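Read the structure below first, then the notes.
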Amino acid sequence: MRKLCFLFCLLACILGAMLYANDGQAEASLPLPDGPAPAAAHVQDTVKVQVVFPTMTPAPSAQPTPSTAPAMLTVYDEGRCVRMEMEEYLVHVVAGEMPASYEEEALKAQAVAARSYVSWKQAAWGGSGCSKGVDTDICTDSTHCMAYLSDEAMREKWGERYEEYYDRIRSAVLATQGEVMLYDGSLIQALFHSSSGGRTEDAQAVWGAAFPYLQSVSSGAEEESGQTRAEKRFKIEALVKALNQSFTGAELTAQNVEEQFSIRSYTASGRADVVKVGKVTATGRAVRTALGLNSTNFSVAYKGGEAVFTTVGYGHGVGMSQVGANLMAKEGSDYQEILTHYYTHVTLGPLPEAQAN
């Protein structure tokens, strides 16, 4: 009888160890409240679920990180917190941030930029994390952190080319596995945007804070390509209404808007800096937001009862231009050359050891 009990216990231990050794599991908590996240100690009745992700096999040429364990992060995704490996998360981010048809070296550059940015945000490397969830590193809201395409969204977007495009992006992520950008040995805030229109913007001109690695640089191939210009038209009455609603005290009218709405100064890269809006002044960023323009690099002309805005580029203009990165790749630049062009004075290297708490 003792032998039988011993054999039963041994079998149970082996089965338990086999279940515990499942590497592809991560936990998520449901649900998280809307609005400001409460203190972790006040979250009650949390439901635990298992979210399974495929194991990411490193590419033969991938750089190893100083730590042998995979970098993990907590992602806030539509009301739940999901634990996943960094490289798996980045596949979804690159898919959401950059067209899968872009050049391989551009996709690699995007992977390194995204990895640098999320690592910079992580508490494990001294960041503050994401405010959308409790103890989360990043979220899937593109207006708050970075864009993110679920597997379902990838299939819907790419259709018959899903496997081809997924493999291209996954290869770019794994070819740069663990690689980040550093300035003076520290992770950088690797901002990026869709297109600059010919020259990127200095971070200080946008947010009033200078970063040695986020300076204005040429992105000349974009300007020559002609693919970054756009027009947006407003009826004069609609323009006046939008500006008066956004800028209290402007007191614009259909009769005075042509004289009272004008750009007073420009940044060094040619974007609107200070704008006169009737009786008040505003930043180019505020006007862009109020009117839903592609960028602060805009001009306006009045024709036949309409205001015609011409914009160059798309996004805030700081850091890497994705269109520019793709054009550089087409001209033969590799991802390291692309990154060190758009992020000044940086070095590329493995993800540093996490900071001790």
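For A282, only one of the following conditions fails: (1) in contact with an Asp or Glu (Cβ under 8 Å, 6 or more places away or on another chain); (2) not assigned by TED's automatic domain parsing to the domain that holds A190. What is its number?
Answer for A282: the failing condition is (1).
Just for segment 271-281: of the residues that are touching a residue at least 24 places away in the same chain (Cβ under 8 Å) and over 22 Å from S216 (Cα atoms), which one is nearest to the chain's Cα centre (by Cα)? Please lay out each step first, then the result.
So in segment 271-281, the residues touching a residue at least 24 places away in the same chain (Cβ under 8 Å) come out as 271-273, 277-280.
Subset that is over 22 Å from S216 (Cα atoms): 277-280.
On the way: V277: 31, G278: 35, K279: 36, V280: 33 Å.
Among them, the one singled out is V277.
Given the conditions (1) closer than 19 Å to R80 by Cβ; (2) assigned to a loop (DSSP other than H, G, I, E, B), which single one is not true for G127?
(1)
Among A354, A325, A329, which is the only one that is touching a residue at least 24 places away in the same chain (Cβ under 8 Å), over 22 Å from L214 (Cα atoms) and either part of a loop (DSSP other than H, G, I, E, B) or among the small types (G, A, S) (or both)? Walk me through how you get there before you give the answer.
Values: A325 fails: over 22 Å from L214 (Cα atoms); A329 fails: over 22 Å from L214 (Cα atoms).
So the residue among A354, A325, A329 that is touching a residue at least 24 places away in the same chain (Cβ under 8 Å), over 22 Å from L214 (Cα atoms) and either part of a loop (DSSP other than H, G, I, E, B) or among the small types (G, A, S) (or both) is A354.
Among the listed residues T296, T289, which satisfies the condition of being part of a loop (DSSP other than H, G, I, E, B) and either within 29 Å of T248 (Cβ to Cβ) or outside the structural domain of T267 (by TED's automatic domain parsing) (or both)? Step through it out loud before you land on a result.
Values: T289 fails: part of a loop (DSSP other than H, G, I, E, B).
Every option except T296 fails the conditions.
In segment 234-285, how many are at positive phi and in contact with a Leu (Cβ under 9 Å, 6 or more places away or on another chain)? Working first, answer last.
Taking segment 234-285 and keeping what is at positive phi, we get 249, 251, 270, 278.
Next, only the ones that are in contact with a Leu (Cβ under 9 Å, 6 or more places away or on another chain) stay: 278.
Residues meeting the conditions: 1.
When you go through E104, E160, E179 one by one, which is the residue that is out of contact with any Lys or Arg (no Cβ under 6 Å at 6 or more places or on another chain) and either free of Cβ contacts under 8 Å to residues at least 60 places away in the same chain or of a type in the set (V, I, T) (or both)?
Details: E104 fails: either free of Cβ contacts under 8 Å to residues at least 60 places away in the same chain or of a type in the set (V, I, T) (or both); E179 fails: either free of Cβ contacts under 8 Å to residues at least 60 places away in the same chain or of a type in the set (V, I, T) (or both).
Unique residue meeting the criteria: E160.
Which condition number in (1) surrounded by fewer than 16 Cβ atoms within 10 Å (Cβ to Cβ); (2) touching a strand residue (DSSP E or B) at 6+ places or on another chain (Cβ under 9 Å); (3) in the same structural domain as V346 (by TED's automatic domain parsing) is the one that K235 fails?
Among (1) surrounded by fewer than 16 Cβ atoms within 10 Å (Cβ to Cβ); (2) touching a strand residue (DSSP E or B) at 6+ places or on another chain (Cβ under 9 Å); (3) in the same structural domain as V346 (by TED's automatic domain parsing), K235 violates only (3).
Confirm whether T267 is of a type in the set (V, I, T) and surrounded by 15 or more Cβ atoms within 10 Å (Cβ to Cβ). Before the answer, list the steps.
On the way: of a type in the set (V, I, T): yes; surrounded by 15 or more Cβ atoms within 10 Å (Cβ to Cβ): yes.
In short, yes.
Might you check whether a residue that is surrounded by fewer than 16 Cβ atoms within 10 Å (Cβ to Cβ), assigned by TED's automatic domain parsing to the domain that holds L327 and over 20 Å from S333 (Cβ atoms) occurs anywhere in segment 208-222?
Kept after step one, since they are surrounded by fewer than 16 Cβ atoms within 10 Å (Cβ to Cβ), are these residues of segment 208-222: 208-210, 212, 218, 220.
Applying the additional criterion that residues be assigned by TED's automatic domain parsing to the domain that holds L327 yields none.
No: segment 208-222 contains no residue that is surrounded by fewer than 16 Cβ atoms within 10 Å (Cβ to Cβ), assigned by TED's automatic domain parsing to the domain that holds L327 and over 20 Å from S333 (Cβ atoms).
Taking segment 300-322, which residues are free of Cβ contacts under 8 Å to residues at least 60 places away in the same chain and either surrounded by fewer than 20 Cβ atoms within 10 Å (Cβ to Cβ) or touching a helix residue (DSSP H, G or I) at 6+ places or on another chain (Cβ under 8 Å) (or both)? Spell out how you get there, then give the answer.
Just the residues of segment 300-322 that are free of Cβ contacts under 8 Å to residues at least 60 places away in the same chain, to begin with: 300-301, 303-304.
Answer for segment 300-322, where residues must be free of Cβ contacts under 8 Å to residues at least 60 places away in the same chain and either surrounded by fewer than 20 Cβ atoms within 10 Å (Cβ to Cβ) or touching a helix residue (DSSP H, G or I) at 6+ places or on another chain (Cβ under 8 Å) (or both): A301, K303, G304.
Go through Q189, Q204 for me and flag whichever is of a type in the set (S, T, N, Q), surrounded by fewer than 17 Cβ atoms within 10 Å (Cβ to Cβ) and either at pLDDT 95 or above or under 26 Å from V217 (Cβ atoms) (or both). It would help to see each step written out before you state the result.
On the way: Q189 fails: surrounded by fewer than 17 Cβ atoms within 10 Å (Cβ to Cβ).
Selected residue: Q204, the only one of Q189, Q204 that is of a type in the set (S, T, N, Q), surrounded by fewer than 17 Cβ atoms within 10 Å (Cβ to Cβ) and either at pLDDT 95 or above or under 26 Å from V217 (Cβ atoms) (or both).
Can you confirm whether A203 is of a type in the set (G, A, S) and either within 16 Å of the chain's Cα centre (by Cα) or over 29 Å from M154 (Cα atoms) (or both)? Even if it seems obvious, please write down each step before you answer.
Values: of a type in the set (G, A, S): yes; either within 16 Å of the chain's Cα centre (by Cα) or over 29 Å from M154 (Cα atoms) (or both): yes.
When the stated conditions are applied, A203 passes them.
When H345 is evaluated against the numbered criteria (1) buried (at least 21 other Cβ atoms within 10 Å of the Cβ); (2) at positive phi, which criterion, by number, is the only one it fails?
(1)
Within the bounds of segment 239-251, is there any residue that is in contact with a helix residue (DSSP H, G or I) (Cβ under 6 Å, 6 or more places away or on another chain), at pLDDT 95 or above and of a type in the set (V, I, T)?
Yes: segment 239-251 contains one or more residues that are in contact with a helix residue (DSSP H, G or I) (Cβ under 6 Å, 6 or more places away or on another chain), at pLDDT 95 or above and of a type in the set (V, I, T).
Would you mind stating whether N326 is under 22 Å from the mean Cα position of the chain (by Cα) and either outside the structural domain of E97 (by TED's automatic domain parsing) or more than 30 Å from L107 (Cβ to Cβ) (or both)? Break it down into steps so the answer makes sense when it comes.
Details: under 22 Å from the mean Cα position of the chain (by Cα): yes; either outside the structural domain of E97 (by TED's automatic domain parsing) or more than 30 Å from L107 (Cβ to Cβ) (or both): no.
The answer is no for N326.
Can you go through A147, A203 and tell me which one is among the small types (G, A, S) and out of contact with any Gly (no Cβ under 6 Å at 6 or more places or on another chain)?
Working: A147 fails: out of contact with any Gly (no Cβ under 6 Å at 6 or more places or on another chain).
Of the residues listed, the single one that is among the small types (G, A, S) and out of contact with any Gly (no Cβ under 6 Å at 6 or more places or on another chain) is A203.
Regarding segment 161-176, can at least one residue be identified that is farther than 21 Å from A71 by Cα and modelled with pLDDT under 90?
No - not one qualifying residue is present in segment 161-176.
The values are calculated or read from the model by the stated rules, or taken from the named source; none is laboratory data. Values in this document were obtained by computation on a predicted structure and should not be read as measured data. Note that each Cβ is placed from the backbone with ideal geometry, even for glycine, and that neighbours are counted across all protein chains shown.
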